[in-house]
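Visitor: Questions regarding the structure given below will be posed in turn.
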Amino acid sequence: MLSHEINRRFRERLKTGGAVLMPGAANALAARIIDDLGFEAIYLSGAGLTNTYFAMPDLGFVGLAEIAQHTATMRDATDLPIVVDADTGFGNALNVRHTIRTLERAGASAVQLEDQVNPKRCGHFAGKDVVDLQEARSRVKAAVDARQDPNLLIIARTDARATQGLSAALDRAHAMIEDGADITFVEAPETIDEVRAIPEALKGTPQLVNLVVGGKTPIMDFAELEDMGFSLVLYANVALQGAMHGMQTALGQLKAGGRLDESAPVAPFRERQRLVRKDFFDALEKEYSGE
């Protein structure tokens, strides 16, 4: 399916349906598994990509080239909408323009930009800071102007809750909506009352809530968050944390016992080949060889 059609359907889905439960992926295989399990959208996590690709913390080490590469490989692996975490846009408004153009060509359905200073930090780390409001707004304006597909969604994230309080973060979100943001994302509310206040204050614009397992925001049921009015419920790195736990478990058994077979906590060989579509490529090879 062409990207512009995926984007159109995603925009319509957010207008007409209930909330979307959206897991994060750090690579194309994770995206394929999310698709295979029947989820409706995928989030390309900058934190997950940094952890997976570099084995480093989410402290601004990943760049546009890596994010664009992984967006393109995910787009080739699935027809689900891909929401791409583009951190701060990698510079000023001119850099944001280039970032949007690049990620749109790579197959993004939505691009998320935040108002942190460079280099950014994970939204659930201490020590964050945000740029002044004018610069934050210029990023959003540049992103809105840069897109060529009108159905590419711009998600404006603010991290001001940590440094200026929830009221200031909501004020920033309102300003970003005025600048054309399609969705706003107030990162790291710390109580259920704060979570509830976000969609109440920003009615009329879709809201994203990010649930980080072990992070600052309380974990709540999807149905409760949907009733509050959130449109996107994000678990940005639960797949990564699950994979890390799985690797530690399987490799720990291998180290302890010196052998491992399919009775161990691993995906069977056949399942591994199914998920990477080996049958599809076998059929292609047969077709092109003239057999």
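The values are calculated or read from the model by the stated rules, or taken from the named source; none is laboratory data. Nothing here was measured: the structure is a model prediction, and the numbers come from that model. No Cβ is skipped: glycine too gets one built from the backbone with ideal geometry, and neighbour counts run over all protein chains shown.
Visitor: When residues of region 108-131 are filtered for being crowded, with 20+ Cβ neighbours inside 10 Å, more than 16 Å from residue 45 (Cβ to Cβ) and not acidic (Asp, Glu), how many remain?
Guide: Residues in region 108-131 being crowded, with 20+ Cβ neighbours inside 10 Å, more than 16 Å from residue 45 (Cβ to Cβ) and not acidic (Asp, Glu): 2 in total.
Visitor: Something else: Tell me which residues, restricted to region 215-235, are closer than 15 Å to residue 202 by Cα and free of Cβ contacts under 8 Å to residues at least 40 places away in the same chain.
Guide: Scanning region 215-235 gives 227, 228, 229.
Visitor: Do any residues in region 16-37 that are farther than 19 Å from residue 73 by Cα and of a type outside the set (Ser, Thr, Tyr) have Cβ atoms under 6 Å from those of residues that are assigned to a strand (DSSP E or B) and modelled with pLDDT of 95 or more, where the two are at least six apart or on different chains, and which pairs are they?
Guide: 19/233; 20/232; 21/233
Visitor: Kindly indicate whether any position in region 92-105 is buried (at least 24 other Cβ atoms within 10 Å of the Cβ), within 24 Å of residue 215 (Cα to Cα) and within 14 Å of the chain's Cα centre (by Cα).
Guide: no
Visitor: Of the residues that sit in region 132-146 and are without any contact (Cβ under 8 Å) to a residue 40 or more places away in the chain and more than 16 Å from residue 162 (Cα to Cα), which one is surrounded by the most Cβ atoms within 10 Å (Cβ to Cβ)?
Guide: Residues of region 132-146 that are without any contact (Cβ under 8 Å) to a residue 40 or more places away in the chain, as a first pass: 132, 134, 144.
In the following step, the residues that additionally are more than 16 Å from residue 162 (Cα to Cα) were identified as 134, 144.
On the way: 134: 8, 144: 18.
In this case the residue turns out to be 144.
Visitor: Let me ask something else. Every residue in region 118-144 that is at pLDDT below 85 and either part of a helix (DSSP H, G or I) or of a type in the set (S, T, N, Q) (or both), please.
Guide: 118
For (1) closer than 24 Å to residue 29 by Cα; (2) among the aromatic types (Phe, Trp, Tyr); (3) in contact with a Gly (Cβ under 8 Å, 6 or more places away or on another chain), each residue gets a yes or a no:
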residue	(1), (2), (3)
197	no, no, no
226	no, no, yes
230	no, yes, no
245	yes, no, no
257	no, no, no
268	yes, no, no
279	yes, no, no
